[in-house]
Every structure is written in C-alpha cells, then in structure tokens.
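Read the structure below first, then the notes.
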Number of protein chains: 2
Amino acid sequence: MGITRTELFTSKQNEFAQIAKVFGHPARLAILEVLLKSNTCICGDLVEELGLAQSTISQHLKELKTANIIKGNIEGTSVCYCINEEKWFELKANFNELFDRYPNPKDCC
Amino acid sequence: MGITRTELFTSKQNEFAQIAKVFGHPARLAILEVLLKSNTCICGDLVEELGLAQSTISQHLKELKTANIIKGNIEGTSVCYCINEEKWFELKANFNELFDRYPNPKDCC
DNA sequence: ATTATTAATCGTAATATTGCAATATATAGA
DNA sequence: TCTATATATTGCAATATTACGATTAATAAT
C-alpha cells in the first residue's frame, strides 16, 4: 500500500524513521556534505555542484528544512543554507543512543 | 520519476543512503529494538510483537538482512535473528564520521 | 505418510518518492 | 518600470515502497 502504519509504532520510532529517511537519499547527503565542507553558508552554488535540475534540488532542500536539519536565510535574491547546529548534534546523539543499545556482552548465535 | 539518479553521486553516498533508508521505517526500527533488547537471538516472536502481517515482517527482515544489519540462523522450523555485530559498529562509525564533519568553529549565519 | 508450524515468496493494490519542465514569486539593478 | 537572476511551487510521469492475502517450502511432530 505504500502507506506506513505509523499507529503501530511509538512516536519516537516514527520520528527517528522520518529523520533516517531524509538521510536516505544520496542527493540530500551530497547537499549536506557541501554544507559541511564549506565553513560558511552556501548561497546558490548547490545547483551547479550536483547534477540535478533546480526544481529537484529545491525539493530536497525543502525536505531537509522541514526536518529541521538545515536552515535557510534569504540574502537578497538568493538564499543561504547552512546546517542547523543544534539539530545536528541532537541527531548525532539520537543515532548513538540507538547504536549504543547493543547488548554487551551478548549471549547468542 | 521515483528513480534515484545514483550515477550522479559517489558510491559512498549511495551506500550510506541505502543504509539510512533501511533505518527509515518504524517497523524496521521496532524489529531492531526487539533484537537489541533481548540479549539473545529472537526466534519467531517478532510477528506477535509488532502488529503487522507475517509476510510484511518477513519482507522487512529481508531488507535488514540484505543490508547485512541482521543475521538469520535456521533453528529447526523457525529462524533466529540477531544483529550483525560487526556491521552494527561499522554503521555507528559511519554515522559518526558524518556527524563529526561539522565544521568547528564555523563562520556564518 | 500426514499434519501442523514457521517463514519465505508471489501477486496485487494503494500510496510515496523522485525528477523535470513549466510556471510563479520575489528581489536587485538598469 | 522593465529586466535579469534566484528560488519555490505546480503538475505530471515513472518508479519504489508498503502492506496483505494466498501460496509455497521446509522441517517437526504424530
């Protein structure tokens, strides 16, 4: 059905999945990497860096913004994007919290 | 088009996105959490824990297995699942590598 | 051998995602 | 005001994902 039965899961699970999904596209990773590499905000430039159409990139940026992973500041006729520092470290903590739940020592297999 | 233009991105980006996508569904997170919580392999049980149909869970397990995040050992008529320890820590490292790329100090916004 | 149990696979329907062209919007500069 | 530039939005078309019932396959128990 293409529809996720979110009612079966905790809101924490649904929210985590939502975020992971945003990381689940190479174009969005590429955008994030450009933002990480440059020490400052990126105004424009993104369309030339990646090989996708402007509208497609705008859409991916929108998803990153909606997930609160990046911020966009209007700068004259263009928009400057950068990573939302607070959210970024929150996500790092969230992922580590998951990864660190690995039982140690474990008793199987 | 629903098709990702993987040719535009590095294999590292594509592979990372592929993994993130696996984490991008609450049912798969729920499965992983069950496996993390119990200190041993889980044989069956998963279908009762989550509220999804058996075939649906089997499909999600397949994706987790394909991504090499979990392993399945046949145990008589049932199958025991557990997290692939090596891969798990590799993923933790991969995600942290990404998160740690945040420029510090940064000079913008 | 027959039956019960468990998990995988198949087929299919519904919905989501990706991508792009075309269009709209908004600001800067002449 | 008119034009150029930059980004967002809209409207598709193609493909992917999610979910489930039905079926299959494989082993265990009787």
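The values are calculated or read from the model by the stated rules, or taken from the named source; none is laboratory data. Quick caveat, the model's predicted, so the values are computed rather than measured. Neighbour counts run over all protein chains shown; Cβ positions are idealised from the backbone, glycine included.
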Give, as residue ranges, the helices (runs of 4 or more DSSP H) completely inside region B:38-109 that count at least 3 residues that are of a type outside the set (Gly, Ala, Ser) and under 17 Å from A:LYS106 (Cα atoms). B:85-99
For B:GLU15, are the conditions met, namely being free of Cβ contacts under 8 Å to residues at least 60 places away in the same chain, surrounded by fewer than 20 Cβ atoms within 10 Å (Cβ to Cβ), more than 12 Å from DNA strand C (Cβ to nearest atom) and closer than 30 Å to A:SER55 by Cβ? yes
Among residues belonging to region B:18-37 that are free of Cβ contacts under 8 Å to residues at least 12 places away in the same chain and more than 7 Å from chain A (Cβ to nearest Cβ), point out the one that is surrounded by the most Cβ atoms within 10 Å (Cβ to Cβ). B:GLU33
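Which residue out of B:ILE19, B:ILE74, B:ILE3 is within 26 Å of A:ILE31 (Cα to Cα), modelled with pLDDT under 95 and of a type in the set (A, V, I, L, M, F, W, C)? First the steps, then the outcome.
Details: B:ILE19 fails: modelled with pLDDT under 95; B:ILE74 fails: within 26 Å of A:ILE31 (Cα to Cα).
Selected residue: B:ILE3, the only one of B:ILE19, B:ILE74, B:ILE3 that is within 26 Å of A:ILE31 (Cα to Cα), modelled with pLDDT under 95 and of a type in the set (A, V, I, L, M, F, W, C).
Would you check if A:THR40 is more than 27 Å from B:GLY72 (Cα to Cα) and at the interface with another protein chain (Cβ under 7 Å from one of its Cβ atoms)?
Criteria met by A:THR40.
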Evaluation of A:THR40 against (1) more than 13 Å from DNA strand D (Cβ to nearest atom); (2) buried (at least 16 other Cβ atoms within 10 Å of the Cβ); (3) in contact (Cβ under 8 Å) with a residue 40 or more places away in the chain (one fails), failing number: (2)
